[in-house]
Amino acid sequence: MTDLLFIGGGGFIGSNIISFFDSNKFRVHVLEPEFANISRLDNLDVITHRCALSDTEKIKQIIENNDICTIIHLVSTLIPGSTYEDYKNEFKNVIFPSIELMEICANRKIKFVYFSSGGTIYGNRNDMKPFNEDDDMSPISYYGWSKQMMENSILFKHRTAGLKYLIVRPSNPYGHGQNIHAKQGLVAVAIGKIIDKLPVEVWGDGSAIRDYIYIDDLAKIFCMLIERDISNVTLNLGSGRGYSVNDVLAFLKIVSGIDYKIEYNNPRPVDVSNMVLDVENLKKYVDIEFTSFMDGVKIFFDEEKSKYDIK
């Protein structure tokens, strides 16, 4: 039995990934602070540890007592629109403690797996080429900068202390379990607005292009990467296809059957104009069959619609 420790596994991405792990092969531990809502883990076969990421000594005990061999880091308190003050808190409460955790992993020969961000870490450019893992990291938001700092820290620990790692750069995941009343995630937020019978707000003219991946696809692919012990590489994890904001909203009108209103606002400087991930390197390690975007959006909308009286 292989013991995995998810740092921040109670969220949308973590809980979905955990649901796909084979409980006969993996024993899953989740580390979340005392105040965190872990209701997404209900009915999942997990061992929960309540502990702050900054409590290094307690985390050491958890690792030792449970023979943890892989740590999967999913924690971030930032979103693309976060401010400098938000970033300072992130550095203090997440980035610096995470670097200490990398040191522990290097010393104990524990694999460190990090969820970065394919959507923000590359930054902006004018051409429409998909982003490759070898492209420069030029983030334009504090969220993206925090991801770059984490990635650089991992690579530094790998060079200097032999840290075994895997960095994945997911695109924009969507699907069941995602909060439809949050501040990020276009598909989820738009569904929430439709259900609440409110206009969908768009920053800019709707031409911005993003790479979207259905959460089940992301979870299955990630589980394969862990099961096959893919290590010491950085991989994009997306669909490899791009859709504009207007495309997404048009799809939602089709699947919902509702002609909802759209409000266009001035663009934000922290948003990149286009982002599609090159996933050719990923295909070298796993067999991929993606859910079509239209099908994924319909499944997600129908699941949320069933919770409400939508006419």
Flagged in the range 283-298 as open to solvent by 70 Å² or more (accessible area, probe 1.4 Å) and not in a loop (DSSP other than H, G, I, E, B), in numbering order, are K283, D295, K298
Residues (among the acidic types (D, E) and either closer than 19 Å to Y212 by Cα or surrounded by fewer than 18 Cβ atoms within 10 Å (Cβ to Cβ) (or both)) located in the range 85-137: E85, D86, E100, E103, D127, E133, D134, D135, D136
Being touching a strand residue (DSSP E or B) at 6+ places or on another chain (Cβ under 7 Å), of a type in the set (D, E, K, R) and crowded, with 19+ Cβ neighbours inside 10 Å narrows D205, D211 down to just D211
Among the candidates I121, I95, single out the residue that is among the hydrophobic types (A, V, I, L, M, F, W, C) and more than 25 Å from D278 (Cβ to Cβ). I95
The range 273-282, subset within 19 Å of the chain's Cα centre (by Cα) and within 28 Å of N232 (Cβ to Cβ), residue surrounded by the fewest Cβ atoms within 10 Å (Cβ to Cβ): N281
Only one of D86, D22 is among the charged types (D, E, K, R), in contact with a Phe, Trp or Tyr (Cβ under 7 Å, 6 or more places away or on another chain) and modelled with pLDDT under 95. Can you tell me which? D86
Give the number of residues within the range 11-59 that are touching a strand residue (DSSP E or B) at 6+ places or on another chain (Cβ under 7 Å), of a type in the set (V, I, T) and open to solvent by 20 Å² or more (accessible area, probe 1.4 Å). 5
Cβ contacts < 6 Å: first residue part of a helix (DSSP H, G or I), restricted to the range 73-99; second residue open to solvent by less than 40 Å² (accessible area, probe 1.4 Å), any location; separation 6+ or different chain. Result? D86/L78; E90/L78; E90/S146; V94/V75; P97/L53; I99/S153
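The values are calculated or read from the model by the stated rules, or taken from the named source; none is laboratory data. The shown structure was predicted, so the numbers you read here are calculated from the model rather than taken from an experiment. For neighbour counting, all protein chains shown are included, and Cβ atoms are generated from backbone atoms with ideal geometry for every residue, glycine included. Surface accessibility is based on the protein's heavy atoms, side chains included, excluding ligands, DNA and RNA. Shrake-Rupley method; radii C 1.70, N 1.55, O 1.52, S 1.80 Å.
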